[in-house]
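Colleague: Before I ask anything, here is the structure I am working with.
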Amino acid sequence: MFSKKRTYQILIAIVAIGLVVYNYTLKSSVSEATDSYVIFPISIVLLLLFAFMYVKIDKKND
């Protein structure tokens, strides 16, 4: 399952959509510290991880 590029495209989309939904709906009810030190870094790390794995699989297939 995790050896296909499509999987990482879907995971990147899920994280990005989740971040957009969070910014427009839940951000006002979460403290600024939690947003700055927990949610934002975790979302960036997940996006970078999935992007790295996507590129790694893309290079392996070439």
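The values are calculated or read from the model by the stated rules, or taken from the named source; none is laboratory data. Just so we're clear, the structure is a prediction, and the values are computed from it rather than from any experiment. Don't worry about glycine lacking a Cβ; one is built from the backbone with ideal geometry, like all the others, and counts go over all protein chains shown. Quick note on the areas: whole protein, heavy atoms, side chains included, nothing else; ligands and nucleic acids left out. Shrake-Rupley method; radii C 1.70, N 1.55, O 1.52, S 1.80 Å.
Colleague: Tell me, what is the FRET efficiency for VAL38 and LYS59 to the nearest 0.05, using R0 = 35 angstrom and their Cβ-Cβ distance as r?
Modeller: After rounding, the FRET efficiency stands at 0.65.
Colleague: While we're on this one: Taking all protein chains in place and a 1.4 Å probe, what share, in percent, of the accessible surface of region 11-62 do carbon and sulfur account for?
Modeller: On the way: 2860 of 3990 Å².
It is 72 percent, rounded to a whole number.
Colleague: Leaving out same-chain residues fewer than 8 places away, which lysines sit with a Cα under 28 Å from that of LYS4?
Modeller: Cα-Cα hits under 28 Å: LYS56, LYS59, LYS60.
Colleague: If you filter the chain for chymotrypsin sites (Phe, Trp or Tyr not before Pro), then keep DSSP loop positions with at most 10 other Cβ within 10 Å, what is left?
Modeller: On the way: sites: PHE2, TYR8, TYR22, TYR24, TYR37, PHE50, PHE52, TYR54; in loops: PHE2.
Taking the chain and a limit of 10 other Cβ atoms within 10 Å, the loop chymotrypsin sites (Phe, Trp or Tyr not before Pro) found are PHE2.
Colleague: Full extension from SER28 to LEU47: what is 0.36 nm times the residue separation minus their Cα-Cα distance, to one decimal in nm? Write down the numbers at each step before the final one.
Modeller: Values: separation 19, 0.36 × 19 = 6.84 nm, distance 2.27 nm.
Here the answer is 4.6 nm.
Colleague: Tally Lys/Arg at +1 and Asp/Glu at -1 over every other residue whose Cβ is under 15 Å from the Cβ of ARG6; what's the total? Walk me through the intermediate numbers first.
Modeller: Numbers: positive: LYS4, LYS5, LYS56, LYS60; negative: ASP58.
After counting each charged neighbour, the total is +3.
Colleague: Against the longest alpha carbon principal axis of the chain, how many degrees, from 0 to 90 and to the nearest 10, is the axis of helix 40-61 turned?
Modeller: The two axes meet at around 10 degrees.
Colleague: To continue, here is another question. Where only protein heavy atoms count, and the probe is 1.4 Å, what is the accessible area per residue for the chain in Å²? Before the final figure, lay out the partial values.
Modeller: Values: 4900 Å² over 62 residues.
That works out to 79 Å² per residue.
Colleague: Around LYS60, under 15 Å between beta carbons, what's the net of Lys plus Arg minus Asp minus Glu among the other residues?
Modeller: On the way: positive: LYS4, LYS5, ARG6, LYS56, LYS59; negative: ASP58, ASP62.
The answer is +3.
Colleague: Aspartates and glutamates within cross-link reach of LYS5: Cα-Cα under 13 Å, excluding same-chain residues under 8 positions apart?
Modeller: Partners within reach: ASP58, ASP62.
Colleague: If you take Rg/Rh (Cα atoms, Kirkwood Rh) from the coordinates, which of (1) 1.15; (2) 1.10; (3) 1.08 do you get?
Modeller: Calculated Rg/Rh (Cα atoms, Kirkwood Rh): the matching label is (2).
Colleague: In debye, nearest 20: dipole of the chain around its Cα centre with unit charges on the Cβ of K, R (+) and D, E (-)?
Modeller: Numbers: 7 positive and 4 negative charges, 81 e Å.
So the dipole magnitude of the chain works out to roughly 380 debye.
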